Amino acid sequence: MANQVLAKSLPILCGMLARKLNLRFRMSGARAYTDFESVVIPAADINDPDFAVRAIGFTLHEGGHNRFTDPSLRPTPPDGKASQSAFDVHAAFGTTWWLYQALEDVRMETQVMRLYPGARKHLARLVQNLVDGEGWFEPATNEDSPLSILQAYVLYRGRGEILGQHALLDWAQGAKDQLEAVLPQSTCDAIEKALFSIEQAESTADSARIAGEITDLVKDLLEEPPEDNNQDGSSSGDGSDASDQDSDQSEADSGQGTQSDTNDGGNDASSGDGADSSSGNQPADGSQAGKADEDGQVSTSSSGKPEDQSSDPGGAGGTGAGDGQAVAKAAAQMLSGEDTGRIADISDKLQEEIQEIAQNGRYSDNSLGAYDSDPEVATDTADPGEIRRGVDAAARAAYVRLIGLLEAQNLDDTRFETDGIEIEPERVHRLLAGEIDLFREEDPAPAVNTAVHVLLDRSGSMGHEVDLAVKTTAAAGMALERIPDAEVAVSLFPGRSGATEVLTRPGERPSRTLRRYGVHASGGTPMADALWAAATQMAWSDAERKLVVVITDGMPNRLEATRDVIARLRRENVEVIALGIGSDARSGLPSVFDRDYAFVDSVDGLAEALFGALRSRLTAKAA
């Protein structure tokens, strides 16, 4: 069956996630990026937990954008005049653009979670890690600008409540309280409705539309500002002094204000009824829930919610949502499009942190130098007929030795019957005791499914020995492909642009892909990276028996990383053996493979070497 432990290893898991998003996953170089075909992260220590949680999150987030975000549907800057009477349309677009990025992240990650439900856990873990870190998210406070509060509201409620990233829930509630302190409740309710409509959004265009809707709700506060509900019905937003505002406030408290024009009773951003504070809208005196006055006293509305009685029209905390000047000032600042420092899309900063962590751990013993979830096929060609003539006899001899081992193992327990064609001589004496079950019967058990990955080291140190290594690889593949229910893959390492290149894909037969075996010695010995490529096949294979054969001339580039992946494979019942080529292998292999290796001095010696190395490994039945 597929191996779930191996499948959760960082490179294999990221490869699986990328595949679900129709992408390829690669680890190489020093940069994290996407190119519409691949998700790429730097070579790094795959055992670093901070790197792992970011790499998985980056794969899901960037892969999600590649699959679900259509750049052609993003909001576009307005045409025409640079400004209008109440606000600069181009500056306001900066607000819309920020909101769009945050909303599109929520919409896109929702789509990723629908495709792969496990993404919810991985992305929540990422956000928890980021909240615990520095420089990512900050709670909204009454010291923040109104725009910063609006951004925190959309970001934290979207991620915390819609995406289930619970590390942000407390901050979501705090942002909600702060927004209600600077905007009318009716506007806050409308913004909330628009925000949560992102759950039904199906495209990037929907995210752009909802961002525009929220911006328009704020613009409405400038174009038709809330009434102060003074005695003659006029607004205090015309520059009247503080004494006029106090007079208006007093008249509103006495219930003498008149109802303002609300465009046929539509949903204006003001309370709509300045005289009746029990209507469910904001109190007529402009107070706001949850805020204390300068003396620390908190009044209470008819709904039972505390109200803010402060009168600073310029503070981020507002004067109460019914104060026309304060609301207009807050709305204008929300439309300024200024850089508040809040992160809308986590991509860029996540990219920077991944690169920094990778740089610090690149040269550790457990670093993975290169990985490719979909390695390229080797392009050097060979004469298949010539290779076949050189190895066919060796392949047949190796097969005979191997199949003998397998047939011996694949026999059920011997049983004896009362009739048959073969009498067991040692049971004849039992006739005296009246026993007549003398005939031996042995039923062969069903063939055991076997997955094999042969790795060919073509490093520069091979030199002239590479010809023997290629013939040994071809002969081993041709011998193993004849085993019933065996699936054989063959790769060489290092590849030209990655850890490996494919000589024979899983499901193909080595004897029919010999034209790809035109291998020349070149490069280093990234054996750990190559073993991870083989581990990918093993992780997703349903075979009962799994085997990796490494054909090499000696020491890997990173010994500890190589031993680490070998240990992981063996813990998951994947057997790993080596066939040594050349004199250098005799000193190098014991420190890498313990006792599970043999040496090949000529292709004719393959049968004995392969038989010896596999005797204890290949004949073990899968648990």
Three-way shape label, segment 490-623, alpha-carbon gyration tensor, a/c 1.5: rounded
Let's test the formula: R0 of 35 Å, r as the Cβ-Cβ distance of Arg615 and Glu424. What FRET efficiency results, to the nearest 0.05? 0.80
Tell me, what ³J(HN,Hα) does each residue in segment 351-360 have, in order and in whole Hz, if you take phi through Karplus 6.51 cos²θ - 1.76 cosθ + 1.60 with θ = phi - 60° and put x for Gly and Pro? 4, 4, 5, 4, 5, 5, 5, 4, 4, 6
Would you mind checking the radius of gyration and Dmax of segment 127-212 based on alpha-carbon positions, in Å? 13.0, 36
With a point put 7 Å past each Cα toward its Cβ, work out how far Ile436 is from Glu376 in nm, to one decimal. 7.4
Quick one: of Lys219/Lys349; Lys471/Lys546; Lys193/Lys219; Lys121/Lys349, which pairs are farther than 25 Å apart, Cα to Cα? Lys219/Lys349
Other-chain or far-sequence residues with amide H under 5 Å of Val454's (modelled H): Ala489, Val490, Ser491, Val549
Would you mind telling me the antiparallel percentage of the DSSP bridges in segment 444-526, rounded to 5? 25
Compactness index (Cα Rg / 2.2 N^0.38 Å), segment 342-403: 2.24
Cα-based shape type of segment 511-584, given that a ≥ b ≥ c are square roots of the gyration tensor eigenvalues and the cut on a/c is 1.5: oblate
Sort 148-155, 324-331, 202-209, 506-513 by packing, meaning the average of other beta carbons within 10 Å per residue, with the highest value first. 148-155, 324-331, 202-209, 506-513
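FRET efficiency for Glu544 and Arg67, Cβ-Cβ distance as r, R0 = 35 Å, nearest 0.05? Present the calculation step by step, with values, prior to reporting the outcome.
Values: r = 35 Å, r/R0 = 0.99.
Once the sixth-power term is evaluated, E becomes 0.50.
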Step through the residues of segment 396-401 one at a time and calculate ³J(HN,Hα) from phi using the Karplus curve (6.51 cos²θ - 1.76 cosθ + 1.60, θ = phi - 60°), rounding each to whole Hz and writing x for Gly and Pro. 5, 5, 5, 4, 4, 5
Built amide H within the under 5 Å cut-off of Gly523, gap 5+: Gly460
Cα extents of segment 105-151 along the principal axes, largest first, in whole Å, come to 40, 22, 12
Which value in nm describes the separation of the simple spin-label points at His90 and Arg31, placed 7 Å from the Cα toward the beta carbon? 3.0
Using label points projected 7 Å from each Cα along Cα→Cβ, tell me how many nm separate Glu192 and Thr76, to one decimal. 3.6
One finds, for Thr141 and Ser364 with R0 = 41 angstrom and r their Cβ-Cβ distance, a FRET efficiency to the nearest 0.05 of 0.50
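Where a number appears in this text, it was derived from the coordinates with a stated rule and is not lab data. Quantities reported herein were computed from a predicted structural model and do not represent experimental measurements. Don't worry about glycine lacking a Cβ; one is built from the backbone with ideal geometry, like all the others, and counts go over all protein chains shown.
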